[in-house]
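Just below is one structure, and these are the notes that go with it.
What follows draws every value from the coordinates through simple rules; no lab data is involved. Computed from a predicted structure; not experimentally measured. Cβ coordinates were reconstructed from backbone atoms using ideal geometry, including for glycine residues, and neighbour counts include every protein chain displayed.
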Amino acid sequence: MKPTLLVLAAGMGSRYGGLKQMDPMGPNGETVLDYSVYDAIRAGFTRVVFIIRKDFADDFKAQVGEKFADKIEVDYCYQDLNDLPEGYSLPEGRTKPWGTTHAILAARSIIDSHFAVINADDFYGADSFQQITSYFTETESSADEKDHYCMVGYKLSNTLSDHGDVNRGICVDTDGFLNKVEEHTEILIEDDGICRGENLAGERVEISTSAIASMNFWGFPAKLMTDLAAHFVEFLKERGTEMKSECYIPTVVDELLTTGKADCNILETSSSWFGVTYPQDKDACVASLKKLVEAGEYPSNLWG
């Protein structure tokens, strides 16, 4: 088992006001991503692939990627708006990326093993990485016709921001197996104390703060790439001319679960999630990392 960690690091950081994936947060200038790679290495990952944009590639490699070069195999792929299936082209005027499915597909030619997907600017915790690699080991030699996926879920209340709304995938499960992920945007606790968000139908709906949220930490077999490519073609047929449409990975997973091609185990973890959506979230993130270092869960100087 030689799993790959696929890191989605091409985001614009529009609400944060900059590239969160390169912003120092730890006591010695570590980024949140440093902690994810550190946790991945000690959980048994042997390779990390960063999905980035070419316009900041040199800075990312120098400030982030090179520090890992002697610790884990490092590769880079580029999310490009023009990287589209044959017969499709970028609609005039579109500047928004095509979403997480398109981002993952940027690595389709170099993924040949089980892989996990994370966001570059989210902290997932050591136990969550251990859970993923353990699941890969358990299912690697499975002879089932179904493909086996997994995801780490977190309580919605622990993923909200005090400084504005967030976008989350809300999980519906049966006995720990995912049925579907319902994407919601602009989630926040409103003035009446009720948590609400906007579903894909554009409706403002109530969401329980105890619901399980997907924070985009998935585990997949390599052959998922074939299914992603097929789904992305269908997405472009239906919504490819829209200026802001996005193809979300949970939507693809939903389809594969519904058709019976795959199942997806929601992994229980003792880890806490935290991240930065707005500049005001940074202080809490810095404080959380400091507390983990003081508790001995990480060395004060992560890379020595």
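Students often get this wrong: which residues of region 138-160 have the backbone nitrogen under 18 Å from the point 7 angstrom along Cα-to-C-beta of residue 177? It comes to 138-153, nothing else. Which residues does the label zone of residue 61 cover in region 68-89, counting backbone N under 15 Å from a point 7 Å along Cα→Cβ? From region 68-89, the list is 68-70, 74-79. Placing R0 at 22 angstrom, the Cβ-Cβ distance between residue 199 and residue 157 gives a FRET efficiency of 0.70 after rounding to 0.05. Averaged over residues, the count of other Cβ atoms within 10 Å places the peptides 238-246, 147-155 in the sequence 147-155, 238-246, highest first. Computed on the Cα trace of region 173-304, the radius of gyration divided by the Kirkwood hydrodynamic radius gives Rg/Rh = 1.02. When only the Cβ of Lys, Arg, Asp and Glu is charged (+1, +1, -1, -1), the dipole of region 4-294 relative to its Cα centre reaches about 500 debye.
Computed from point charges on the beta carbon alone (+1 for Lys and Arg, -1 for Asp and Glu), the dipole magnitude for region 235-304 about its Cα centre is near 200 Debye.
Between the C-alpha center of region 240-276 and that of region 78-141 there is a gap of 11 Å. Modelled this way, with points 7 Å down the Cα-to-C-beta line, the labels at residue 144 and residue 82 are 4.3 nm from one another. Counting pairwise Cα distances across the chain, what percent come out greater than 23 angstrom? Tail of P(r) above 23 Å: 56 percent of Cα pairs. Name the shape class, rounded, prolate or oblate, that the alpha-carbon gyration tensor gives for region 234-278, where a ≥ b ≥ c are the square roots of its eigenvalues, rounded holds for a/c under 1.5, and otherwise prolate holds if a/b is larger than b/c and oblate otherwise. Verdict is oblate for region 234-278.
Projecting the Cα atoms of 62, 201, 274 onto the dipole axis of the chain, where Lys and Arg carry +1 and Asp and Glu carry -1 at the beta carbon, places 62 farthest toward the positive end.
Report summary: the helix-based calculation at 222 nm, which adds -39500 (n - 2.57) for every DSSP H run with n ≥ 4 and divides by the residues of the chain, gives -8000 deg cm²/dmol. Net charge near residue 175, counting Lys/Arg +1 and Asp/Glu -1 over other residues with Cβ under 14 Å of its Cβ? Taking every Cβ under 14 Å from that of residue 175, the sum is -3. Roughly what % antiparallel, to the nearest 5, for the DSSP beta bridges in the chain? If we restrict to bridges inside the chain, about 55 percent are antiparallel.
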